[in-house]
Amino acid sequence: ALSKNTGKSGRRGSSKGRVSRAMARQLVKRSVGGAAAGGVRVGRCQRAAGVAAREAGRRAQTREGTLRKGLRATAVAEDASGGMFEGMGETSPPTFRLKFVWGKDTLAFAVDQILGKGNSSPLTEYFFWPQDDAWENLKAVLEAKDWIPASEKIAMLNRVTEVINFWTPQEAQEQNTTDQAKAKFPECGFTGTFY
């Protein structure tokens, strides 16, 4: 009866079947003991032991499968709720923010990478305009970072140009203030002033 035992896969002699037969032999030895000599039919006990072993194996598989399903469900729930798997597997492009420090004679700017939940990490150092050729220096630093999409690099450099032009006072006019810059460029960060 045990030789016809097939596992869930339907294959004869699978490892599940061998484990079940081994468990059945142990159960027969324990339950029958010396009773086989006393006239008890061993075949019927063997079949009962085989059924018990298969049931024990199925229960163990069910517990293991339930545990695995529970872990997967927990991981999905934590991922959806912003738990420990947050951000894993996402393929959204990186986002950046330009930061400016406004001064009467100097404009400083840098790039931060936005990490999520309001956190950011500095991507570049501050470049000072017009003391250095800050725009060219920023361009060189951004070009060295090949993981940043070209469209993002161009957009950042264009925005820096716009802010530099807005910062530069026109002839016979006063320089624009930080508040005016914040209103005109809301996506940029103006972290302070120096005079």
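The values are calculated or read from the model by the stated rules, or taken from the named source; none is laboratory data. Here the structure is a predicted model, which is why all the values come from computation and not from measurement. Neighbour counts run over all protein chains shown; Cβ positions are idealised from the backbone, glycine included. Keep in mind that these areas ignore ligands, DNA and RNA; they rest on the heavy atoms of the full protein, side chains included. Shrake-Rupley method; radii C 1.70, N 1.55, O 1.52, S 1.80 Å.
Descriptive notes on the structure:
- Of the solvent-accessible surface of region 87-195, computed with a 1.4 Å probe over protein heavy atoms with every protein chain present, carbon and sulfur atoms account for 51 percent.
- Inter-label distance for Q113 and D132, nm, one decimal - labels placed 7 Å from Cα along Cα-to-Cβ: 2.1
- Computed 3J(HN,Hα) for region 148-161, one whole-Hz value per residue from the Karplus formula 6.51 cos²θ - 1.76 cosθ + 1.60 where θ = phi - 60°, is 7, x, 4, 5, 5, 4, 5, 4, 5, 5, 5, 5, 4, 4, glycine and proline marked x.
- Taking region 103-183 and dividing mean pair separation by its residue count, relative contact order in percent (alpha carbons under 8 Å, at least six apart): 21
- Think of a 1.4 Å ball rolled over the protein heavy atoms: region 109-181 then has 62 Å² of accessible area per residue.
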